[in-house]
Amino acid sequence: MSQHGNGTATAPAGTGAVQPDGERRRDGGRRREGAGRRDRGPGIRGRQGVWGWLFVSPMVVVLGLFLLVPILMALWVSLLHWNGQSNPFSGAADFVGVRNYTDMLTTDGLDRRLFMTSVRNNLYYVLLAVPLQTVLSLGLAVAVNSRLVKGKGLFRTVFYFPSVTSSIAISTVFLFLFQGSGAVNALLKWFGITGPKWFTDAHGLVWSVLGWFGIVDPDKPVAALAAHGFLGLSWWDWLSGPSIAMCTIIALAVWTTSGTYMLIFLAALQDVPVELEEAARIDGAGRWQSFRHVTLPALRPVLFLVITLGLIGTWQVFDSVYVMSQGAPANTTLTPAYLSYTAGFQDSDYGRAAAIAFILLAIIVMMTIVQRVLLRDRDEHPSRFRLRRRRTS
């Protein structure tokens with residue numbers, strides 16, 4: 001017998017329970033409230049946020065004083081014509097706006113030619129040094145991580161030792177090794193090879209190699225390439241490749257940084273589950289297939305880190321250029337970092353030096369974003385899309 005007059009409802013057949021209407025409404029409200037909380041997801045609310053900011057406030061203050069404030073001050077200096085002899089915030093320096101930037105990017109002249117020459121040199125430096133040091137460090141990490149290798153601690157120490165040695169000392173050693181009568185040319189002479197003039201030959205490597213085969217004459221630019229240019233430099237200059245001296249500096253960079261990146265890769269390789277590699281080999285995959293389809297995807301975040309550190313380091317190269325060449329021969333080893341140094345401390349044009357630094361920062365950020373896009377996981381959906389899809393389902 002059903003009861004309709006006392007505020008209760010009969011449960012459907014098979015449930016075995018009867019609930020009052022008020023309790024059912026309250027229960028449904030609690031379920032909706034719980035669902036709303038789940039939709040919002042975990043986060044910091046109320047006093048948690050206050051305590052969080054309280055704990056991190058000392059580091060925020062330190063970073064603001066010693067990082068953010070100097071950046072803003074340098075940005076203001078880049079808009080001035082300032083010789084460093086007065087207070088740049090007192091109005092004594094001339095405000096020139098973005099002229100320091102336009103002189104190097106859009107206005108034809110010596111400043112633009114020097115800056116674009118330094119960008120060309122540094123671009124070849126990045127395109128050669130970053131892939132070489134990444135591949136070499138990954139190969140060393142794989143070799144040291146192999147079960148067949150004994151004495152891994154010794155190999156790690158030997159490979160890492162150049163990274164902890166003074167860069168000035170190593171640059172000085174390389175400078176003596178690659179002199180005209182140095183050890184490298186003496187070694188090449190044993191094989192009947194006449195070594196190049198490492199720090200006096202201003203020809204680009206591309207035209208020099210083509211000249212060895214008689215295709216072009218490095219001393220006579222091709223008219224079609226010399227008559228047309230881009231950003232103040234002819235296509236002959238853009239396509240010349242790094243100079244012999246720049247190749248020496250690239251070899252120095254690869255030798256001194258591969259040990260550090262090897263340790264980073266080695267730590268990541270030790271975190272790759274052994275079961276995944278064993279499962280791949282059971283399925284018939286060879287060592288190369290297992291490395292390509294199992295190990296490399298697991299190393300993608302570390303690979304992004306190593307390439308990012310390589311990009312930052314190679315675009316900021318200064319010490320080896322300062323010791324080994326100071327931009328010679330004929331500005332073929334000039335880099336934006338060294339050009340910024342000479343503009344500020346030799347030419348007393350701190351506004352132009354600061355502008356070079358900010359252009360260099362923009363180049364680093366842009367290349368980091370590009371390689372982040374190239375290394376992203378193709379199967380991974382953006383977080384916003386996943387959140388939107390979850391809410392609509």
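Probe 1.4 Å, all protein chains in place: accessible area of M367 in Å², nearest 10?
Surface open to solvent at M367 totals about 50 Å².
Using a 1.4 Å probe on the protein heavy atoms only, what accessible surface does I215 show? Give it in Å² to the nearest 10.
Only protein atoms counted, so the area is about 110 Å².
Could you let me know the centre-to-centre spacing of region 228-266 and region 283-328, using Cα atoms, in angstrom?
Between the Cα centres of region 228-266 and region 283-328 lies a distance of 14 Å.
Per residue, what accessible area does region 63-107 have, given a 1.4 Å probe and all protein chains present, in Å²? Before the final figure, lay out each step's value.
Details: 2920 Å² over 45 residues.
In whole numbers, region 63-107 has 65 Å² accessible per residue.
Can you give the net charge of the other residues whose Cβ lies under 14 Å from the Cβ of W212, counting K and R as +1 and D and E as -1? Show your work: numbers first, answer last.
Details: positive: none; negative: D201, D217, D219.
Here the count lands on -3.
For region 172-259, what are Rg and Dmax over the alpha carbons, in angstrom?
15.4, 45
For every other residue with a beta carbon closer than 15 angstrom to the beta carbon of V272, add +1 if it is Lys or Arg and -1 if Asp or Glu, then tell me the sum.
Within the 15 Å Cβ shell, the charges total +1.
Take peptides 79-87, 344-352 and line them up by average Cβ neighbours within 10 Å, highest first, as a rough protection proxy.
344-352, 79-87
In whole Hz, what ³J(HN,Hα) sequence does region 80-86 give by Karplus (6.51, -1.76, 1.60; θ = phi - 60°), x for Gly and Pro?
Here the 3J(HN,Hα) series is 10, 9, 10, 9, x, 9, 9 Hz.
Run the reach check for K189 against lysines, Cα to Cα strictly under 27 Å, same-chain hits fewer than 8 apart removed. What comes back?
Answer for K189, where 27 Å is the Cα cut-off: K197, listed by chain and number.
The values are calculated or read from the model by the stated rules, or taken from the named source; none is laboratory data. Values in this document were obtained by computation on a predicted structure and should not be read as measured data. No Cβ is skipped: glycine too gets one built from the backbone with ideal geometry, and neighbour counts run over all protein chains shown. SASA here: full protein model, heavy atoms, side chains in, ligands and nucleic acids out. Shrake-Rupley method; radii C 1.70, N 1.55, O 1.52, S 1.80 Å.
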